[in-house]
Amino acid sequence: MGAQTSSVVGGVAKETVVGPIIMLGPPGAGKGTQAKLIAQRYEIPQISTGDLLRDNVAHKTDLGLRAQASMDRGDLVPDDLVCDMVALRLQLADCVKGFILDGFPRTVQQASWLDGYLETMRAGKNAAGQAACAPPVVIRLMVEYNNSLQRIVGRRSCPTCGRIYNIYFQPPIVEGICDFDGTPLVSRLDDSEDVVKERLKTYERQTLPLVDYYRAQGRLVEIDGDLPVEDVTARTVQALESRRSP
Ligand code: AMP
């Protein structure tokens with residue numbers, strides 16, 4: 001990574017230009033967990049299209065109303081709606097040294113839109129500006145089908161602080177209650193077993209082709225997502241640092 005080291009936090013210079021990172025993998029692969037850790041490490045935003053869409057649904061925005069039916073079924077929201085939403089998010093100032101996309105792109109059309117968007121962003125920028133919107137590094141988390149299923153079906157989250165638990169792998173101390181603030185935990189409606197199976201099928205059909213898309217461009221890094229969380233993070237960081245080294 002192209003770091004200037006005037007102010008170093010946790011081994012990472014604050015000014016380090018990280019560039020775009022994509023987390024790719026099926027639902028339940030741990031994309032959100034890893035994206036959060038990487039985002040904290042490099043002080044870049046984690047952009048989860050699922051979270052942005054759920055926020056729009058909760059606030060009954062025009063986008064939310066148009067997206068809800070597809071989300072409830074476990075289908076993808078149409079590309080144009082999601083790309084417009086991502087374009088608005090990427091314009092915010094916090095993306096200036098990079099960002100980590102969690103759940104986007106999910107179709108080849110979205111990936112090729114993103115390539116075009118980043119290319120346009122690079123035009124007319126200086127070297128640091130160009131590095132911030134360089135072609136992305138794509139981290140593919142590979143997990144066994146049954147592990148994905150169990151990770152999602154067991155997932156519970158705290159609506160107050162956003163902490164994520166899993167009733168099988170990482171249960172709260174008191175069943176159904178957040179360890180940190182005592183709020184009752186909730187499951188996402190689309191985490192029910194039927195919808196999850198649909199989401200996994202959607203992944204195989206529409207998102208898996210991205211593996212070849214990014215492999216052909218030499219941007220794909222494959223990591224065993226069934227390893228413990230800290231090992232996945234360590235391998236991800238190692239891959240990012242070696243990819244970004246001048
Ligand atoms: P997630 O939280 O990433 O599992 O996303 C939840 C749901 O939001 C998905 O099942 C889709 O319906 C929708 N969604 C999230 N990201 C995208 C995307 N990039 N393209 C289309 N639909 C998406």
(Q) Among the residues of region 59-116, what is the count of those that are within 9 Å of the ligand (Cβ to nearest atom), surrounded by 17 or more Cβ atoms within 10 Å (Cβ to Cβ) and in contact (Cβ under 8 Å) with a residue 40 or more places away in the chain? (A) 10
Q. (1) away from the ligand (no atom under 11 Å from the Cβ); (2) not in a loop (DSSP other than H, G, I, E, B): which one isn't true of Leu52, the others all being true?
A. (1)
Q: Give just the number: which of (1) touching a residue at least 24 places away in the same chain (Cβ under 8 Å); (2) surrounded by fewer than 14 Cβ atoms within 10 Å (Cβ to Cβ) does Ile173 not satisfy?
A: (1)
(Q) Given (1) free of Cβ contacts under 8 Å to residues at least 40 places away in the same chain; (2) in a strand (DSSP E or B), identify the lone condition not met by Ile223. (A) (1)
Q. Leu185 is checked against (1) in contact with a strand residue (DSSP E or B) (Cβ under 6 Å, 6 or more places away or on another chain); (2) closer than 27 Å to Ile44 by Cα and fails just one. What number does that condition carry?
A. (2)
(Q) Which count do you get for residues in region 216-246 that are within 16 Å of the chain's Cα centre (by Cα) and not charged (D, E, K, R)? (A) 10
Q | Single unsatisfied condition, Pro45 versus (1) in contact with a Cys (Cβ under 7 Å, 6 or more places away or on another chain); (2) surrounded by fewer than 14 Cβ atoms within 10 Å (Cβ to Cβ); (3) not small (Gly, Ala, Ser) | A | (2)
Q | Pick from region 117-132, criterion assigned to a loop (DSSP other than H, G, I, E, B) and not polar (S, T, N, Q), ranking: surrounded by the most Cβ atoms within 10 Å (Cβ to Cβ) | A | Lys125
Q: Residue by residue through region 154-165, note down the ones that are modelled with pLDDT of 90 or more and either buried (at least 22 other Cβ atoms within 10 Å of the Cβ) or in contact with a helix residue (DSSP H, G or I) (Cβ under 8 Å, 6 or more places away or on another chain) (or both).
A: Arg155, Arg156
Q.
Pairs needed: first member in region 180-201, under 13 Å from Ile164 (Cα atoms) and of a type in the set (Lys, Arg); second member anywhere, outside any helix (DSSP H, G or I) and modelled with pLDDT under 95; C-beta distance under 6 Å; at least 6 residues apart or different chains.
A. none
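The values are calculated or read from the model by the stated rules, or taken from the named source; none is laboratory data. Predicted, not measured: the structure shown is a model, and the values here were computed from it. Cβ: placed from backbone, ideal geometry, glycine included. Neighbour counts: every protein chain shown.
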